[in-house]
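The values are calculated or read from the model by the stated rules, or taken from the named source; none is laboratory data. Quick caveat: nothing in here was measured; it's all calculated off a predicted structure. When we count neighbours, we look across all protein chains shown, and the Cβ atoms used for this are built from the backbone with ideal geometry, even at glycine.
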């Protein structure tokens with residue numbers, strides 16, 4: 001029973017990270033295909049970057065006495081937000097194969113850089129053992145899945161946005177899991193007592209909660225009813241279009257019901273005689 005619980009907790013954490021990244025990717029890819037204004041692009045970059053940034057804090061099994069440097073945590077979040085914004089900008093402006101490879105490479109590199117900064121944000125990480133092979137493999141997987149996501153998105157088929165979001169979520173979650181295994185921490189019993197340190201147990205709650213709050217806000221702003229409510233008053237205030245004027249000199253703008261073609265020709269001929 002204990003072995004089942006020990007396996008179920010990491011599996012549930014990975015599933016939660018996957019769902020979080022899928023929802024964020026779907027909200028982001030809904031806007032990725034067009035020339036979106038700067039404001040929405042920044043908003044979706046923050047949304048996607050925060051979801052990918054929160055994945056390692058969900059999947060990792062940090063020691064109870066581990067703690068993070070808040071300045072480095074903010075830097076790791078900024079790396080992913082910048083990478084997400086750069087990827088969406090490259091996808092909307094580049095052409096050809098560069099439109100697929102460029103955004104995927106930017107997202108993969110941004111995820112690896114952010115996860116690496118998050119690892120070294122742990123107090124005492126410099127005294128631990130770091131293996132760069134899992135992190136490098138994670139970056140490669142994240143980049144490949146991101147390229148596949150943009151390839152699916154560019155085809156514009158049915159459910160392309162959802163399929164692209166799933167592909168991106170698989171790659172970024174795999175990168176997060178591999179990045180967590182790259183660092184073996186030394187005992188840091190006094191790390192949590194440092195001034196301004198954020199305990200790892202708190203980050204496992206704060207990071208997903210931040211991403212979930214941003215997702216909830218984005219979902220509320222994208223409600224169809226909100227757009228309808230804002231456009232309805234403008235429609236009511238606008239005047240109805242005036243009927244089109246009839247052409248001058250035409251006796252029957254529309255065919256009169258019950259009149260045959262011969263009767264209409266006779267009427268037109270009588271009018272022509274009167275005019276002469």
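Scanning the stretch 182-197 for residues that are modelled with pLDDT of 80 or more and surrounded by 17 or more Cβ atoms within 10 Å (Cβ to Cβ) returns 182, 183, 197.
I'm checking my understanding of the structure. Among residues of the stretch 105-135 that are assigned to a helix (DSSP H, G or I) and more than 24 Å from the chain's Cα centre (by Cα), which one is nearest to residue 168 (Cα to Cα)? Going through the qualifying residues, I end up with 134. Among the residues of the stretch 97-122, those identified as surrounded by 23 or more Cβ atoms within 10 Å (Cβ to Cβ) and farther than 28 Å from residue 204 by Cβ are 103, 104. Could you identify the single residue in 129, 125, 94 that is over 20 Å from residue 24 (Cβ atoms), surrounded by fewer than 16 Cβ atoms within 10 Å (Cβ to Cβ) and in contact with a strand residue (DSSP E or B) (Cβ under 7 Å, 6 or more places away or on another chain)? Step by step, each of 129, 125, 94 is checked, and only 129 is over 20 Å from residue 24 (Cβ atoms), surrounded by fewer than 16 Cβ atoms within 10 Å (Cβ to Cβ) and in contact with a strand residue (DSSP E or B) (Cβ under 7 Å, 6 or more places away or on another chain). Residues being part of a helix (DSSP H, G or I), in contact (Cβ under 8 Å) with a residue 60 or more places away in the chain and buried (at least 23 other Cβ atoms within 10 Å of the Cβ) are represented in the stretch 156-167 by at least one member.
Using the structure shown, decide if residue 139 is surrounded by 18 or more Cβ atoms within 10 Å (Cβ to Cβ) and either more than 30 Å from residue 65 (Cβ to Cβ) or touching a strand residue (DSSP E or B) at 6+ places or on another chain (Cβ under 9 Å) (or both). No; evaluated as a whole, the condition is false for this residue.
Does residue 73 satisfy being in contact with a strand residue (DSSP E or B) (Cβ under 9 Å, 6 or more places away or on another chain), crowded, with 17+ Cβ neighbours inside 10 Å, modelled with pLDDT of 90 or more and not in a loop (DSSP other than H, G, I, E, B)? For residue 73, the condition - in contact with a strand residue (DSSP E or B) (Cβ under 9 Å, 6 or more places away or on another chain), crowded, with 17+ Cβ neighbours inside 10 Å, modelled with pLDDT of 90 or more and not in a loop (DSSP other than H, G, I, E, B) - is met.
Based on this model, can you work out whether residue 78 counts as farther than 21 Å from residue 27 by Cα and free of Cβ contacts under 8 Å to residues at least 40 places away in the same chain? Criteria not met by residue 78.
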